[in-house]
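*Asks:* Mind looking over this structure? Questions follow.
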Amino acid sequence: RISRHNIICNELSHLILKYIPSSSVESEFQIRYKNITDKKADLKVTLPNGDIFFVDVTICNSGAKSYQNMDISTLLREKEKIKIAQYNCVGFDENSRNFIPFVLDVSGTLGKRAIDFIQYLHHLDSNKSDSFHSVAMRNINVVLASGLAKTIFSFNEGMNLFIPDSC
């Protein structure tokens, strides 16, 4: 899970730097609030227009037993609310435009705030011929699919469910 999370953070970073020239991205940025509280954001994104965003990535699994009675959109909304509450201690709330709870499901479904952020970045993309939105969604889904494949492989390896070479 940690590896998949870090790869998503790295991919977002790479895409922003590639498609939005003159932007900067800092990883694991410490947010200091009134010299009292610190909270770490996965990414601090500074855009050429002066906008600054703090991004915290959360990947959930809607197929987990604890979420069986919840549809994906409800799960993603709940996870966004939880993430916002965690950052309330450094001055962010549900109305904070510059805090992005980047919540997504292992199936590739993104939460509203993550979608809005990708759309915002898409509009800043200076290379419209290679759509930021399309590339971001494709790359995020490739990372998630790869993570699922590794999980299935590890499970099968542990269960000795490999098909013999002779088949």
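The values are calculated or read from the model by the stated rules, or taken from the named source; none is laboratory data. These figures come from a predicted structure and were not determined experimentally. Note that each Cβ is placed from the backbone with ideal geometry, even for glycine, and that neighbours are counted across all protein chains shown. Note: areas computed on protein heavy atoms with side chains; ligands, DNA, RNA excluded. Shrake-Rupley method; radii C 1.70, N 1.55, O 1.52, S 1.80 Å.
*Asks:* Kindly count the pairs of lysines across the stretch 1-114 whose alpha carbons are less than 19 Å apart, treating pairs on different chains or eight or more residues apart as eligible.
*Replies:* The number of close lysine pairs in the stretch 1-114 is 13.
*Asks:* What figure in square angstrom, to the nearest 10, would you give for the accessible area of ARG77 with a 1.4 Å probe?
*Replies:* Approximately 120 Å² of ARG77 is accessible to the 1.4 Å probe.
*Asks:* Provide TYR67, TYR19 ordered by accessible surface of protein heavy atoms (probe 1.4 Å), highest first.
*Replies:* TYR67, TYR19
*Asks:* Then there is this: Which whole-number percent is the relative contact order of the stretch 1-93 (Cα, under 8 Å, 6+ apart)?
*Replies:* 22
*Asks:* Under a plain spin-label model, where a point goes 7 Å from the Cα along Cα-to-Cβ, how far apart in nm are ASN98 and LYS18?
*Replies:* Distance between the two pseudo-spin positions: 2.8 nm.
*Asks:* Using 1/(1 + (r/R0)^6) with R0 = 35 angstrom and r between the beta carbons of PHE29 and MET137, what's the FRET efficiency to the nearest 0.05?
*Replies:* Calculated transfer efficiency: 0.90.
*Asks:* Rounded to the nearest Å, what's the spacing between the alpha carbon centres of the stretch 1-18 and the stretch 31-99? Just the number, please.
*Replies:* Each part's Cα centre sits 16 Å from the other's.
*Asks:* While we're here: In debye, nearest 20: dipole of the stretch 1-120 around its Cα centre with unit charges on the Cβ of K, R (+) and D, E (-)?
*Replies:* 180
*Asks:* Using label points projected 7 Å from each Cα along Cα→Cβ, tell me how many nm separate ASN61 and ASN88, to one decimal.
*Replies:* Here the answer is 2.9 nm between the modelled labels.
*Asks:* Still on this structure: As a test of reading the structure, rank LYS81, LYS40 by solvent-accessible area (1.4 Å probe, protein chains only), most first.
*Replies:* Accessible-area ranking of LYS81, LYS40, largest first: LYS81, LYS40.
*Asks:* Would you mind calculating the gained length between ILE115 and MET70 on full extension (0.36 nm times residue separation, minus the Cα-Cα distance), in nm to one decimal?
*Replies:* Residue separation times 0.36 nm, minus the Cα-Cα distance, leaves 14.2 nm.
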